[in-house]
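Here is the structure we will look at.
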Amino acid sequence: MINVTHLSIVRNDAPDLPDALIFGRDVFSTHYVDASLSVTALMRGDTDTMNYLVYVNRTEVDMLHGVFGGMIRGAIQAHLKTATKMLADLRKRLESGAPPTDAAAVGPPRKSR
């Protein structure tokens, strides 16, 4: 699959606006995607230690039409439930504080599969 995406990045220093906005638009895709638009924003929180990363994506997939559309849709929905849990776990890890600085606190390296 070949995919060409146009990105626009806007940075800002005003306190009431997001620090960064990133807009992504699908220009060309050889397979599977009819259209895609994404917006990512890095926003300051109420305190200096709180920041928010907001990501919104809208993609129209061409695989959901036709005879096997229902089966494919079910598989995608199951995958999205797993991805939602992974994002929740990532959020918990990111909000738990700074990572440990010494290697002993990190633990042994993971085995590759």
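Residue under question is M63, and the condition is that it be in contact with a strand residue (DSSP E or B) (Cβ under 6 Å, 6 or more places away or on another chain) and without any contact (Cβ under 8 Å) to a residue 40 or more places away in the chain; does it hold? When the stated conditions are applied, M63 does not pass them. Entry remark, region 21-42: residues being more than 15 Å from the chain's Cα centre (by Cα) and in a strand (DSSP E or B) number 7 in total. A single entry from A35, A14 fulfils the requirement of being surrounded by fewer than 15 Cβ atoms within 10 Å (Cβ to Cβ), under 22 Å from T59 (Cβ atoms), at pLDDT below 90 and of a type in the set (G, A, S): A35.
The values are calculated or read from the model by the stated rules, or taken from the named source; none is laboratory data. Since the structure is predicted, the reported quantities are computational estimates derived from the model, not experimental observations. Counting neighbours? That spans all protein chains shown, and the Cβs are built from the backbone with ideal geometry, glycine included.
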